[in-house]
Structure formats: C-alpha cells, structure tokens
Amino acid sequence: MAQILDGKKLRDEILEELKVKIDTFEKKPSLCVILVGNNDASAIYVNNKKKTAEKLGINSLVLTYPHDVTEEELLAKIQELNDDDNVNAILVQLPLPGHIDSKKITNAISPLKDVDGFTAENFGKLFAGQKPYVYPCTPKGILLLLDKYNIELDGKHAVVVGRSNIVGKPMAMMLLNRNATVTVCHSHTKNLADIIKTADVLVSAVGEKLIEDNMLKPNCVVIDVGIYKDSSGKTRGDVDFEAASKVASFISPVPGGVGPMTIASLMLNTVELFCLQNKRSSGT
Ligand code: NAP
C-alpha cells in the first residue's frame with residue numbers, strides 16, 4: 001500500500017514554524033487579495049486564505065468587486081496597492097470575468113509584491129533559470145511535500161498532465177530544475193496512458209476523472225492536483241485514489257494533499273516578500 005503524502009500535516013508544521021517567526025516581527029506582513037464576481041469556489045478559496053493569514057498574524061485585506069468591474073478600475077487599484085508600503089503581497093484570485101484581460105491584470109502587479117509568482121518577470125526568471133522573487137504556490141507546495149518524504153527527483157521521469165500557467169508549466173520547469181526528465185501532457189496528447197505508464201513521478205492537474213490504477217508504473221509517486229465534485233457531491237481528484245494506492249509507493253489524497261500545501265506556500269511567499277521588501281532574511 002502506498003504511503004500517503006499528508007499535505008495537511010506538513011501544512012500545519014510549516015504554519016506553526018512561520019507563526020513563531022512572524023511573532024518576532026515588529027511590523028506584520030500584509031496580504032491583499034482581489035476577488036471579482038460571484039464565483040462560489042473562488043470565494044471559498046479566498047476565505048480560507050484570509051483565515052489562515054489571520055491565524056498567523058499576517059494582516060489580510062480582501063477587496064471584492066462586482067462581476068462588471070472594469071479593467072481600468074482594477075488596474076488603478078493594483079497601482080495604488082503597488083505604491084502602498086503597508087501592502088507586501090498582492091493576489092488577484094483567478095479566474096476573472098471574460099471581459100477582463102487576466103494577463104494584463106496579473107502583469108500590473110509589482111514583481112516584488114507578486115505573491116503567486118505569475119507576473120511575466122517572475123515567470124520569465126523561472127523559465128530562464130534565474131531566481132524569481134517567489135515561486136508559484138501550487139508547484140512550490142508540491143516540491144515541499146516531495147522533499148518532506150525524501151522523494152528523489154534527480155534522473156527520474158516526471159510526467160506532468162496539464163499545462164496551465166498556474167500549475168502544469170511552472171511545475172514542469174521546477175521539476176526540470178531539480179534534474180528530473182520531464183514530459184508535459186495535455187488534451188491533445190496522443191497515447192496518454194502509455195506515457196503515464198513510464199512515469200516515476202506523476203503530477204496530474206486536470207480536474208476530471210482521468211487516471212486509473214492500470215495506467216500507473218508500479219511503485220511510482222502520484223501527486224494529484226485535480227479537484228472536481230463527483231455525482232454525489234464528493235470532492236475527488238484526477239486519480240482513482242483507492243485503486244492507485246495499491247500500485248503507487250506514495251500518493252497525495254484529495255482533499256488533504258496538494259490543497260493545504262498551496263495555502264502554506266502562499267503564506268511562506270507572503271513572508272518572503274515582506275522580508276525582501278524590508279531587507280531581512282526570511283530563512284524560509
Ligand atoms: P486548467 O487551466 O483548466 O488546465 C487543465 C489542463 O488539463 C489543461 O492543460 C488541459 O489541456 C489539460 N487537460 C484537460 N483534459 C485533459 C485530458 N483529457 N487529458 C490530458 N490533459 C487534459 O486548470 P488548472 O488551473 O491547471 O487546474 C487543474 C486542476 O487542478 C483543477 O481541478 C483545479 O481545481 C486544480 N487545482 C488545485 C489546486 C490546489 O491547490 N489543490 C491549485 C490549482 C489548481 P489543454 O491545455 O490542451 O486544454
């Protein structure tokens with residue numbers, strides 16, 4: 001039976017340590033989240049981020065806008081936040097409504113306050129082999145989880161299913177930087193099952209029922225990023241967890257695997273940006 005990669009446990013350990021560090025700061029770090037429209041899932045994610053930040057002593061501000069807010073209004077607010085020394089980290093909750101250019105909004109954030117690591121400057125640095133101010137939260141959390149369980153990446157074949165800017169692309173690059181041999185798959189990939197069968201480490205970030213146990217290489221490591229609700233309303237990942245647990249050596253559950261690690265990374269990134277802006281060592 002596979003060992004479970006317990007994201008909740010590691011999140012709690014990371015946040016406990018981070019709280020001790022934040023308690024030593026005279027001035028507290030601050031995170032500002034921009035939430036647009038009435039997307040229920042986004043509202044839940046933002047609320048979780050706010051609650052976690054507050055528990056740690058991070059000042060957190062959520063700015064909510066109606067669905068029909070204009071791009072100009074959002075850009076003006078981001079400029080104001082960039083110029084505000086009391087704001088260390090800015091996050092725009094995605095997705096944004098269709099009339100707003102997400103790339104333009106993301107790139108308006110100062111790279112030094114870009115807590116998701118999504119601006120062209122931070123993203124470009126990651127892909128150019130330079131150190132971005134911070135790494136994107138979900139792939140960062142996944143690497144922290146793999147490291148916690150001493151999972152070797154060097155020379156391993158890592159297969160990433162999904163090529164979004166949020167998960168798949170930065171994940172592939174971060175695995176490559178750790179000397180894995182990386183294959184990226186997407187909806188146009190032919191023979192997906194054959195490719196997955198060769199994965200020592202599989203990261204699946206799709207959001208639908210996709211991966212069965214017979215597609216896996218025995219003793220592989222499975223990281224399930226996907227989230228969807230099945231017909232009974234239960235939260236599920238891309239991978240058939242029960243069956244895959246009998247084939248893999250390590251597997252991350254949904255919920256309780258990658259999700260908590262994404263939040264932990266967001267808090268780490270907020271403190272890292274605060275420390276960079278205040279020219280002190282974050283030690284994270
Ligand atoms: P996304 O932007 O919708 O990307 C999904 C990716 O899956 C796309 O690259 C798509 O290919 C690929 N894909 C779709 N169907 C496929 C198929 N049948 N075979 C192979 N590839 C397929 O989503 P995302 O933002 O990356 O998120 C992916 C999932 O992870 C979602 O369920 C999301 O909720 C979850 N998520 C979880 C966390 C967390 O913290 N737990 C964080 C972020 C995301 P194309 O590019 O060709 O369309």
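Over all distinct alpha-carbon pairs, what is the Kirkwood Rh of the range 149-276 in angstrom?
15.1
Determine which aspartates and glutamates satisfy two conditions relative to residue 279: a Cα distance under 15 Å, and not lying fewer than 8 residues away in the same chain.
26, 85
Give me, ordered by chain and number, the residues 5 or more places off residue 101 or on other chains with an amide H under 5 Å from its own placed amide H.
Close amide H contacts, sequence-distant or interchain: none at all.
Can you list the aspartates and glutamates whose alpha carbon sits under 18 Å from that of residue 49, skipping same-chain ones fewer than 8 residues off?
12, 13, 16, 17, 40, 114, 116, 272
Counting only protein heavy atoms and a 1.4 Å probe, tell me what percentage of the chain's accessible area is made up of carbon and sulfur.
51
Considering only the chain, what is the antiparallel percent among its DSSP beta bridges, to the nearest 5?
Close to 5 percent.
In whole Hz and in residue order, list the ³J(HN,Hα) couplings for the range 248-253 that follow from phi through the Karplus curve 6.51 cos²θ - 1.76 cosθ + 1.60, θ = phi - 60°; x for Gly and Pro.
For the range 248-253, the Karplus-derived couplings read 7, 8, 9, 8, 9, x Hz, x marking Gly and Pro.
What pairs in 125/229; 131/190; 51/229; 8/169 have C-alpha atoms more than 29 Å from each other?
125/229; 131/190
For the chain, modelled as a Gaussian network with Cα springs under 10 Å, which listed residue fluctuates most, 170, 136, 255?
255
Order these peptides, 193-206, 79-92, by their mean beta-carbon neighbour count within 10 angstrom, highest first.
Those peptides, ordered most packed to least, come out 193-206, 79-92.
Rule-of-thumb check for the chain: C-alpha Rg over 2.2 N^0.38 Å?
1.00
Could you tell me what percent of the DSSP beta bridges with both partners in the range 22-111 are antiparallel, to the nearest 5?
The antiparallel proportion sits near 0 percent.
Would you please give the residues with an amide H less than 5 Å from that of residue 58, counting only those at least 5 places away or on a separate chain, with H modeled from the backbone geometry?
For residue 58, whose amide H was placed from the backbone, there are no distant partners under 5 Å.
Can you give me the accessible area per residue for the chain, using a 1.4 Å probe, in Å²?
Result: 48 Å² per residue.
By its C-alpha gyration tensor, with a ≥ b ≥ c as the square roots of the eigenvalues, how is the range 22-111 shaped: rounded for a/c under 1.5, else prolate for a/b larger than b/c, else oblate?
oblate
Which ³J(HN,Hα) values in Hz, rounded to whole numbers, follow from the phi angles of the range 184-191 under the Karplus curve 6.51 cos²θ - 1.76 cosθ + 1.60, where θ = phi - 60° and Gly and Pro get x?
Values, residue by residue: 10, 10, 8, 5, 9, 5, 8, 6 Hz.
Using a Gaussian network model of the chain with C-alpha springs under 10 Å, which one of 172, 120, 128 is most mobile by mean-square fluctuation?
Among 172, 120, 128, the largest mean-square fluctuation in the Gaussian network model of the chain belongs to 128.
The values are calculated or read from the model by the stated rules, or taken from the named source; none is laboratory data. Computed from a predicted model, the values in this text were never measured in an experiment. FYI the Cβ positions are ideal-geometry reconstructions off the backbone, even for glycines, and counts take in every protein chain you see. Ligands, DNA and RNA are stripped out before the accessible areas are found, and what is left, the full protein with its side chains, is counted by its heavy atoms. Shrake-Rupley method; radii C 1.70, N 1.55, O 1.52, S 1.80 Å.
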